[in-house]
Ligand code: EPU
């Protein structure tokens, strides 16, 4: 099993380029199932979750041609409209094919995601929204089976709580439903907006993506299109934190500064210098010890839950300010225990983590438990005294493209070992 061996203590300096967003590329690939014509997607990140999605599309019957960052999908015949357990168990986002499949073929069978390392993440909201669109859904033998032999019918969908992939699933299904669908309490994430942009290029009629109310006027058929995926804001945020934690000077290129607003505000409050260097570039500099700042994770445009672990790593070394930083409400705190093994002072109180900055972290052998937790351990390793070995980096490979190569190019001493 691969590990990262990191020698800490080197400030990162130079330029680091951002890849396409995994969480945008996943629904975009699922959307290719909505048409029998080819859809060409650019800036697809080469990460393991994408490989899993491509495997799933092929299994369903689509033809997939991938050439580096460019992937063309032609979903002419969908012989097996199902997402089997062996794929869903490694990637919950497989449930993104539920909406497109039932809309296009009138049937779908998708394995229920089990509990995973970041807590149980059900798909009940996807299911009830598709029921509202007229699909019949049953659960048996660990699978959700959906049927809509006469097609889906546009309606009002009210989400009880905000769900990103749930919104995406319904958006795709509604694009081919008869009549108008109005989605209330929709997720506003940039990834939802990017999906709407792709669907619109395919002929869908969508208004309001990026707001809590999305209107979709169903069309009989969608067609092929070409689309470039947006930059990965979580990867960009991780590298901004890497620049600050190592007290370096890093230019993060090919990102969308607007998508990183909540993080940038917090980093500035903490004393890091973050400036817009160009339309799609952010520069981060930090020379002094940062100050402690509280964060609360929220849906976009709030502070992303996917950056909480990395920000926690940053705060382990902050100086105590007027308050202790706490992070809430989040159940993804597994990294806190590993950070503590590196010398961090973190107290978990229910859904809050209270971090008291320490003067230094020390390298240790640590275990990655999920994608973003692994990133936080790498960040801590970059600044810890001595050697850190992060085990189970297959988690990080799910969503970060060649992270060790990108970090090494800006001065990190990090290598992948068996
Ligand atoms: N929820 C339900 N029922 C549902 C769906 C969600 O109860 O049917 C709950 C979840 O358990 C969670 C909350 O609603 O507590 C919000 O979850 P959401 O559905 O928004 O998450 P998601 O769509 O499954 C996406 C990202 C995650 C990211 C979250 C939150 C993708 C493929 N995944 O997940 O990304 O953490 O939104 O922003 O877009 C990652 O990239 O590391 C990652 C986990």
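Values in this text are rule-based calculations from the coordinates and carry no lab data. Just so we're clear, the structure is a prediction, and the values are computed from it rather than from any experiment. Every residue, glycine as well, gets a Cβ built from its backbone with ideal geometry; the counts of neighbours run over all protein chains shown.
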What list of whole percents do you get for P(r) of the stretch 22-219, with Cα-Cα distances grouped in 10 Å bins up to the one holding the largest distance?
10, 41, 39, 10, 0
Relative to the first principal axis of the alpha-carbon coordinates of the chain, what is the inclination of helix 261-270, with its axis defined by its Cα atoms, in degrees from 0 to 90 and to the nearest 10?
10
For the chain, what's the relative contact order in percent, using C-alpha pairs closer than 8 Å and at least 6 residues apart?
21
FRET efficiency, residue 80 to residue 223 (Cβ-Cβ, R0 22 Å, nearest 0.05):
0.40
Using only Cα atoms and rounding to the nearest 10 degrees, what angle (0 to 90) does helix 371-383 make with the longest principal axis of the chain?
20
Among 112, 312, 172, what is the fewest-to-most ranking by other Cβ atoms within 10 Å?
112, 312, 172
Treat the count of other C-beta atoms within 10 Å as a stand-in for reagent exposure and order 24, 292 from fewest to most.
292, 24
Mind telling me which of 51, 204, 187 comes out most flexible in a GNM of the chain, alpha-carbon contacts under 10 Å?
51
Can you give the calculated 222 nm mean residue ellipticity of the chain, where each DSSP H run of n ≥ 4 adds -39,500 (n - 2.57) and the sum is split over every residue, rounded to the nearest 500 deg cm²/dmol?
-9000 deg cm²/dmol
From the Cα centre of the stretch 185-257 to that of the stretch 377-418, the distance in Å is 26
Most to least packed among 138-150, 251-263, 350-362 [average Cβ atoms within 10 Å]
251-263, 350-362, 138-150
Normalised alpha carbon radius of gyration of the stretch 1-132 [divisor 2.2 N^0.38 Å]
1.21
Using a 10 Å cut-off around each Cβ, can you sort 394, 311, 300 from fewest to most neighbouring Cβ atoms?
394, 300, 311
Using alpha-carbon pairs under 8 Å, 6+ residues apart, how would you state the relative contact order of the stretch 308-418 in percent?
25
Separation of the residue 158 and residue 415 label points, Cα + 7 Å toward Cβ, nm:
6.0
Nearest 5 is fine: what % of DSSP beta bridges in the chain come out antiparallel, could you say?
70
Normalised contact order of the stretch 22-219, rounded percent, pairs of Cα under 8 Å and 6 or more residues apart:
17
What is the spin-label model distance, in nm, from residue 268 to residue 201 if the labels are put 7 Å beyond Cα along the C-beta direction?
3.2
For the chain, I need the span (max minus min coordinate) of the C-alpha atoms along each principal axis, in Å, sorted largest to smallest.
65, 43, 41
For the residue pair residue 351 and residue 277, what label-to-label distance in nm results when each label sits 7 Å from Cα along the Cα-to-beta-carbon direction?
3.8
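Suppose we keep just the DSSP beta bridges with both residues in the stretch 22-219; what percent of those would be antiparallel, to 5?
In the stretch 22-219, approximately 80 percent of DSSP beta bridges are antiparallel ones.
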Enter the angle in degrees (range 0 to 90, nearest 10) between the Cα long axis of helix 48-60 and the first principal axis of the Cα atoms of the chain, meaning the one along which they spread out most.
10
